[in-house]
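Following: one structure in structure tokens, then a few remarks.
The values are calculated or read from the model by the stated rules, or taken from the named source; none is laboratory data. Keep in mind it's a predicted model, so treat the numbers as computed, not measured. Neighbour counts run over all protein chains shown; Cβ positions are idealised from the backbone, glycine included.
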Amino acid sequence: MPAPIDLHEVSERELSERYRFPWRIKACMSTACLSAGAGQAFEGMEQTIEKEDLALEARLIPTGCMGLCSRGPLVRVLRRGVEEVMYQAVNKEVGIDIITDHVRDHKPVETNLYDHDIPFFTSQEKIVLENGGVIDPNRIESYVGHRGYQALERVITRMAPEEVVEVIRASGLRGRGGAGYPVGSKWALLAASAGEDKFVVANGDEGDPGAYMDRTVMEDDPHRLLEGIGIAAYATGATQAYIYVRAEYPRAVERLDRAIRVARRKRLLGRNILDTEFSLDVNVRIGAGAFVCGEETALLASIEGRRGIPRLRPPYPTEQGLWGAPTMINNVETLANVPTIMRKGADWFSSIGTEGNTGTKVFALAGDLVNTGLIEVPMGVTLRHIVEDMGGGIPDGKAFKAAQTGGPSGGCISSEFLDTPVDYDSLRNLGSIMGSGGLVVMDEDVSMPEIAKFFMEFSMDESCGKCSPCRAGTVQLHTLLERITSGIGTRQDIRDLEHLCHVVRDTSLCGLGQTAPSPVLSTLHHFRSEYDDMLVSEEASHA
Amino acid sequence: MTERTTASARPRAEAAPHPSGDDRFNLIDKHLRRVHFAQDELIETLHLAQDIFGYLDDGILLYLAHALRLPPSMVYGVATFYHLFTFEAPGDHACTVCTGTACFVKGADDIVQRISQDFDVPAGGTAEDGSLTLRTARCIGSCGLAPVMVLDGQVLAHQTPESALDGVGAAVAAGGDA
């Protein structure tokens, strides 16, 4: 067996490396920027550094997502002792100019400069995304150089498992997958369950359309997830872990596979981690396109190679999970919080956010906004702050109409509730949910019944078919919405719609069916007049 | 399935020409040996088979059922349950329009409809001449770039019906395999 990695030495070396180059150029190479041409820009910069003989002066570093996807490809230029500069829309030509004009001649490329002193960046508080745009996701040394794996080392060498669970419980961390279950309690349940084989599962089946924070963590900071899984496994006595990833995220799978391989070689995973008694085996499992697999019992079935069909709970997975063994499922974002909590302490974490909703939440801003991308904010900031200040408001001078959170399981929030703090409980009171953190903003042109129909079509397609309220109910709800949106609906249709929504919500087996009516109910609640306007007039319906 | 089970049959270690007459099955065999014929590797193996063959036909499903000692009904059930598995040969070019929330709000439905009309290909199907497969995806996670289309593996951002038609048109006109 190779000797374990010396974290201290690697991190020292990384730090000195950082001071060796007067110029460091960090180029975002995440999915969004790549599809906007970041690859060519990177190549252009690489060749120009070579050509201009700047290899000893400037170091080019491919990084993960910097957040502001709508301005991509983004490049940050850091000059030792000087404030950093950000460039937007960097194509190949601009990339070459950055090297020749800015690095060689010390004249910034004015045309593409981006003033990053805006609320989009300054209002953020980064925990999960702290390494986004900073480290090179493919180099474990880069993660270690940013205090990576320090928490795992401390936890497994100096702490008892119960102490770790206690820290997580004290931090107040709640599950980031949507329901907000206290993470410490879940860990304690698994730790208390008997059994030789226990499993930890990281849920990266981010099916909610509009959310991509889990993808960003898995692609841009894979070692953070592995470290979080390691700590969770140690605290709960698990010896095997799975990361369940959507098949739609091939790059995440590739980077995780690679990260696992490297971590094993460095003795951060596998048998006798860092020469302790603790062993953990981590494997990646790829989904195959089924939204219902985000539900934990369906996810377990899928890992076992079967159809992703949920089952009744109890027994909860912490009693009977994978192959009947106790299993704990945590969302990727949840686990990504863990290393930082262990490093900085529960008190530090619970000082962020609000009472009962501690820490931060990552949101994917999308839709009709000036700035779209990923943001991480303390829990409890208002929707207005996110939409108007950070998102930069609605483009083309249009009016805000609704913010949709929680995807097909969530709801639409109207403008009068913009001052609501964003946390689990406030959003639930408004008939929506936090969900995994998709936040789609819609302007005045968007029709709410159409949106409700869109989500119902989604739930209808994705229903696994096990229980009839969901299987048949979603189809009937979709038919009713189809009637209403095509202008042949009647008052009775709306009454039927509302009634059936309640039936499906109250009688479905799993979360998919129970929440499928939410988009309809919340739009009916906040935008009822739009439904009414679509109905055939009373006279016509009597005729 | 409460206990983790493994099919006990081990085919020959080194397969020269595959007995089926299609040597691509050797790649499947190699993967199955690597995972020790664990039955829970079914979905992974289906992914691999689809990568190799382009789609899954009855022969392939039966082969996997036999190799993993699973009932064919279960293999068929799993394969048809998940959206990403396909049972028809794909066209020369593949166009996937994202119809996630952000893309929907920005008009992805229009794009799908126009492509479907102009190239005479049903959404989720392949044109009769086999030139184009049109699919929709529920969010590829690039919502900042909505609406998004993936044409032959290339992610194209901020599409309009016109730009999408141009892109697909150019790819199809170029002919051949993607």
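Scan (1) buried (at least 24 other Cβ atoms within 10 Å of the Cβ); (2) touching a strand residue (DSSP E or B) at 6+ places or on another chain (Cβ under 8 Å); (3) among the hydrophobic types (A, V, I, L, M, F, W, C) for the single condition A:LEU430 breaks and write down its number.
(1)
Kindly list the number of the only condition in (1) away from chain B (no Cβ under 14 Å); (2) of a type in the set (Gly, Ala, Ser); (3) over 22 Å from the mean Cα position of the chain (by Cα) that fails for A:ALA27.
For A:ALA27, the failing item is (3).
Among the residues of the stretch A:63-72, are any farther than 18 Å from A:TYR143 by Cα and surrounded by fewer than 18 Cβ atoms within 10 Å (Cβ to Cβ)?
Within the stretch A:63-72, not a single residue is farther than 18 Å from A:TYR143 by Cα and surrounded by fewer than 18 Cβ atoms within 10 Å (Cβ to Cβ).
Go through A:VAL332, A:VAL338 for me and flag whichever is within 14 Å of chain B (Cβ to nearest Cβ), at pLDDT 95 or above, crowded, with 18+ Cβ neighbours inside 10 Å and under 22 Å from A:ASN131 (Cα atoms).
A:VAL332
Of everything in the stretch A:440-449, what is at the interface with chain B (Cβ under 8 Å from one of its Cβ atoms) and out of contact with any Lys or Arg (no Cβ under 7 Å at 6 or more places or on another chain)? Give them in sequence order.
Matches in the stretch A:440-449: A:VAL440 only.
Just to be sure, is A:ALA452 within 13 Å of chain B (Cβ to nearest Cβ) and not in a helix (DSSP H, G or I)?
No: the conditions fail for A:ALA452.
Select from the stretch A:115-166 the residues that are of a type in the set (S, T, N, Q), out of contact with any strand residue (DSSP E or B) (no Cβ under 6 Å at 6 or more places or on another chain) and touching a residue at least 60 places away in the same chain (Cβ under 8 Å) and list them in ascending order.
A:SER123, A:ASN131, A:ASN138, A:SER142, A:GLN150, A:THR157
For the stretch A:33-41, check the following and say yes or no: at least one residue is of a type outside the set (Lys, Arg), in a loop (DSSP other than H, G, I, E, B) and within 29 Å of the chain's Cα centre (by Cα).
Yes: one or more hits.
Got at least one residue in the stretch A:502-518 being part of a helix (DSSP H, G or I) and among the basic types (Lys, Arg)?
Filtering the stretch A:502-518 for residues part of a helix (DSSP H, G or I) gives A:502-507, A:511-515, A:518.
Next cut, among the basic types (Lys, Arg) only: A:505.
Yes, there is a match, as at least one residue in the stretch A:502-518 is part of a helix (DSSP H, G or I) and among the basic types (Lys, Arg).
Give me the pairs: first residue in the stretch A:241-264 and more than 13 Å from chain B (Cβ to nearest Cβ) and within 13 Å of B:LEU84 (Cβ to Cβ), second residue assigned to a helix (DSSP H, G or I) and at pLDDT 95 or above, beta-carbon distance under 9 Å, and six or more apart or on different chains, which are they?
Once the first residue is more than 13 Å from chain B (Cβ to nearest Cβ) and within 13 Å of B:LEU84 (Cβ to Cβ) and sits in the stretch A:241-264, no partner that is assigned to a helix (DSSP H, G or I) and at pLDDT 95 or above comes close enough.
Okay, residues lined up against (1) within 18 Å of B:ASN26 (Cα to Cα); (2) at pLDDT below 95; (3) of a type outside the set (Asp, Glu):
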residue: B:LEU62; (1), (2), (3): yes, no, yes
residue: B:GLY77; (1), (2), (3): no, no, yes
residue: B:PHE81; (1), (2), (3): no, no, yes
residue: B:LEU84; (1), (2), (3): no, yes, yes
residue: B:THR101; (1), (2), (3): no, yes, yes
residue: B:GLY107; (1), (2), (3): no, yes, yes
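Name the residue, out of B:LEU42, B:LEU84, B:LEU64, that is part of a helix (DSSP H, G or I), within 12 Å of another protein chain (Cβ to nearest Cβ), closer than 17 Å to A:TYR244 by Cα and not small (Gly, Ala, Ser).
B:LEU42
Looking only at the stretch A:281-296, filter to residues that are surrounded by fewer than 24 Cβ atoms within 10 Å (Cβ to Cβ), more than 9 Å from every other protein chain (Cβ to nearest Cβ) and not acidic (Asp, Glu); which one of those is nearest to B:CYS139 (Cα to Cα)?
Going through the qualifying residues, I end up with A:VAL284.
Please return the ranges of strands (runs of 3 or more DSSP E) entirely within the stretch B:87-178 where 1 or more residues are in contact with a Leu (Cβ under 7 Å, 6 or more places away or on another chain), surrounded by 14 or more Cβ atoms within 10 Å (Cβ to Cβ) and within 13 Å of chain A (Cβ to nearest Cβ).
In the stretch B:87-178, the matching strands (runs of 3 or more DSSP E) lie at B:149-151.
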